[in-house]
Every structure is written in C-alpha cells, then in structure tokens.
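The structure appears below as structure tokens.
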Amino acid sequence: MELKHYLQFADLDAGEYAYLFERAALIKRKFKAYEKHHTLADRTLAMIFEKASTRTRVSFEAGMYQLGGSVVHLTTGDSQLGRAEPIDDSAKVISRMVDLVMIRTYGQDKIEQFARHSRVPVINGLTNEFHPCQILADIFTFIEHRGSIAGKTVAWVGDGNNMANTWLQAAELLDFKVHVSTPGGYEVDQAVAGIRSSSSYKVFKNPMDACRNADLVTTDVWTSMGYEAENEARKKAFADWRVDSDMMRAAKTDALFMHCLPAHRGEEVEAEVIDGPQSVVWDEAENRMHAQKALMEYLLLGKL
Ligand code: CP
Ligand code: NVA
C-alpha cells in the first residue's frame, strides 16, 4: 500500500471522507452490539504525547485494542524525545517497530519532519496549527444528528486556533461555510490554515452575527495548550466571545452546539449551553474513538 499520512484535514479527499464516515458508523454499530471487529490484529500503534490529553489518549488506545491491536505510549518526559534525540532518528527507529504512529506536539513542522522519516503512517493528534481527528469526529457527529454537512453553516466563536484552522480546511473540502468571529489580534490566517481561497468562510466582528442562522455553533478554550503565558491577556480579549443562550437563539432553531473539550464553563461557553438540549458534546467526544478506528484501518488497509 502507498504510504499515507494524516497530518492535516486536507490530506484526504471528499471521497475518502465519505468512506470514513460510513465506515465509522459501521464500526460504531458493531461496538455497541459487542461484535468483534479485529481488522488490525497484531498491529501496533505508537502514541507520542508532548502535550496533555484525555480524549485523544483514551480514544486511540481503547480504539486500537478494540481493533485487535496494541499500543505503546510515549511522552517527552519518559523517552529520549525529551532529551533532544533528533526527530529524524526517533522517526526512523520508532517506525521500524510499529505499524502506525500518532503524535500530539507543538509545531506542525515537527510532525511533518517526523513523517518525512517514518516508514509507517503518521496521524496528527493535535498540533498548534491543526486538530484533524477532532474535526473528523465533529463532522461524523453532525452527520449522525442532521445528515450531510454540505451546504450548511458552522459558526466558529473564539480563538483563530488549531480547531478553527481545521474547520476552514474541512469547509473547503466538504463544501460548507464557516462564519468566523474572533477578537482582534486572534484572527484566522488563511496561509496558516492552508486553504486556497476565502470563499468558504466569512469573518464577523460580532459573534452574535456569526451565529445568525448557523446549523452548528462551536467554540474552544480561550487559551490553547502551549499559550498559557498569554492567559490573562486572553481572558480580557475574549470576554465577549462566550457562547450563550442568546447566540444559540440567533442560530437556527435546530442548531447543534459542539466543543472539542475540555471546556471552561463561564469562559468560552455558558453552562446552560454546553449542558443544554442543543449540545452534542458527549456524542462528539465518544465519536473520536469510532472515527479514529475507521481512520487507522483506512491508513493501514485502505477501503475494505
Ligand atoms: N479534544 C481533545 O483532543 O481532548 P484531549 O486534549 O483530552 O485529548
Ligand atoms: N485548542 C485546544 C484544543 C484542545 C483539545 C488546544 O490546542 O489546547
């Protein structure tokens, strides 16, 4: 099989996503029915974490075991990665012993460098720039609740961060629109987001305007991992970018609310929204596992 990495959302095309969403639904049905699905028996996934995680760790680890495989968990603190072994050398060594590598790290350049020297597929488990596995799960969740996302509108309220960039890539590829509202100084950057044009997104100064008639309202923490030194400045800048019931009322009556989690109630979202009837955050979190199982299978075995 041709070596395929998943370093950003645009690494797969619309046809491949259509396959993955169907496959994730099948994998989820089998999981719920306690049916064995051991398509990756005897395969090993290495997971490298340079930042903290709950969902990504549990979903990849549990998912790989459910596929009949096994996992190796590495962090910067307990491996030579934290003692400046070159990325190229680490990639050459690790990828001779496992079938698949998932990495959560800082700069996108680091995961790209690792992938260049890897003999096996590399999956982005979050970088400063992108979080493709999360958007894969988010769109799968949208489809489960509302059908195809094509032609729909997603309102992004908050930081122009890794999640926002990935939504922009997904919109360009899967033919929907993103309404983006960020505070000044935290805007999305088309070059960083890696999109060809501005036709799939629209920028709004006022977050309420971004939410108007949206099919999905979504947000994320004000301060992402790695930016903690900016926490106080961000708290001031983002004070008006809190998703509340008024914003949800501006959206379509059947609009969904999503958040990749972890969430800070009272900061980027009011408790009554994230814990309210329009919120699908628990399905969204669970779907990380089903969607990533489909992704791991696809990278190793192709379409089945
Ligand atoms: N949403 C997400 O990636 O969560 P974790 O940081 O817990 O992995
Ligand atoms: N934007 C957040 C997402 C956490 C899952 C971060 O990068 O910390």
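Each reported figure results from applying straightforward, stated rules to the coordinates on display, with no laboratory input. Only a predicted model underlies this, so the values are computations on that prediction, with no experimental measurement involved. Here Cβ is always computed from backbone atoms with ideal geometry, including for glycine, and neighbour counts include all displayed protein chains.
List the residues, sorted by chain then number, that are 5 or more residues from Val203 or on another chain and whose placed amide H is less than 5 Å from its amide H.
Result for Val203 returns Val180.
Only Cα pairs within less than 10 Å get springs; with that Gaussian network setup on the chain, which residue of Lys30, Lys51, Lys177 has the largest fluctuation?
Lys30
Under 30 Å between C-alpha atoms is the cut-off here; go through the range 1-142 and count lysine pairs that meet it, provided they're at least eight residues apart or on different chains.
Step by step, the pairs that qualify in the range 1-142 add up to 12.
So what J values fall out for the range 108-115 if you push phi through Karplus, 6.51 cos²θ - 1.76 cosθ + 1.60 with θ = phi - 60°, rounded to Hz, Gly and Pro as x?
4, 4, 5, 6, 5, 5, 4, 4
Provide the per-residue ³J(HN,Hα) series for the range 215-222, in order, calculated from phi with Karplus coefficients 6.51, -1.76, 1.60 and θ = phi - 60°, each as a whole number of Hz, with x at glycine and proline positions.
Karplus values, whole Hz, x for Gly and Pro: 8, 8, 10, 9, 8, 7, 3, 6.
Could you list Glu272, Glu172 so that the one with the fewest beta carbons within 10 Å of its beta carbon is first and the one with the most is last?
Glu272, Glu172
Provide the packing ranking of 58-71, 33-46, i.e. peptides ordered by the mean count of other C-beta atoms within 10 Å per residue, highest first.
Result, highest mean Cβ count within 10 Å first: 58-71, 33-46.
What is the order of Met163, Met208, Met1, fewest Cβ neighbours within 10 Å to most?
Met1, Met208, Met163
Can you sort Ser224, Ser118, Ser245 so the residue with the fewest Cβ neighbours within 10 Å comes first?
By the 10 Å Cβ count, ascending: Ser245, Ser224, Ser118.
Counting each DSSP H run of 4 or more residues in the chain as -39500 (n - 2.57), what helix-only mean residue ellipticity at 222 nm follows after dividing by all residues, to the nearest 500 deg cm²/dmol?
-12500 deg cm²/dmol, from helical runs alone.
In sequence order, what are the phi-derived ³J(HN,Hα) couplings for the range 189-199 according to the Karplus relation 6.51 cos²θ - 1.76 cosθ + 1.60 with θ = phi - 60°, rounded to whole Hz, with x for glycine and proline?
10, 4, 5, 5, 5, x, 10, 7, 8, 9, 6
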